[in-house]
1. Given H placed on each backbone N at 1.01 Å, which residues far from GLU71 in sequence or on other chains put an amide H within less than 5 Å of it?
2. If contacts are Cα pairs under 8 angstrom and at least 6 residues apart, what is the relative contact order of the stretch 20-95 in percent?
3. Figure the gain on full extension for ASP31 and VAL87 (residue separation times 0.36 nm, minus the Cα-Cα span) and round it to one decimal in nm.
4. Taking a cut-off of 19 Å, what percent of all Cα-Cα pairs in the stretch 38-97 are separated by more than that?
5. Residues with beta-carbon under 13 Å from that of LEU57, excluding LEU57: net charge, scoring Lys, Arg +1 and Asp, Glu -1?
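Just so it is clear, none of the values below were taken in a lab; they were calculated from the coordinates. All figures in this text were calculated on a predicted structure; none of them were measured in a lab. Don't worry about glycine lacking a Cβ; one is built from the backbone with ideal geometry, like all the others, and counts go over all protein chains shown.
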Amino acid sequence: PGKKVKGMGGAMDLVAGVQKIVVLMEHTAKDDSPKILKHCSLPLTGKGVVSRVITDLGVLDITSVGVELVELASDVSLEQIQKATGVPLITANTQVA
């Protein structure tokens, strides 16, 4: 835990040929830096395969035009989630839980 490990994992098998990938994760790292970024600094398991990200702050869809905020957690403001996200959010159809 807490260390990066080199080598192959089983994640490639999970993303190969699947129609929809949903990622469940914490929205920010322990130091409050964004985990959702424009470019990944780590090796990729699959590029462009994630459809939806569900975090402790909200639900986001990954679309061809960007990251769309689908739903906010009940105690989270639009400003809070945008500050915690490393890319601009599309907010046209956002719902509040």
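1. Here the answer is VAL59, GLN95, since their amide H atoms fall under 5 Å of that of GLU71.
2. 31
3. The span from ASP31 to VAL87 would gain 18.4 nm if fully extended.
4. Percent of Cα pairs beyond 19 Å in the stretch 38-97: 28.
5. Here the charged neighbours net out to -4.
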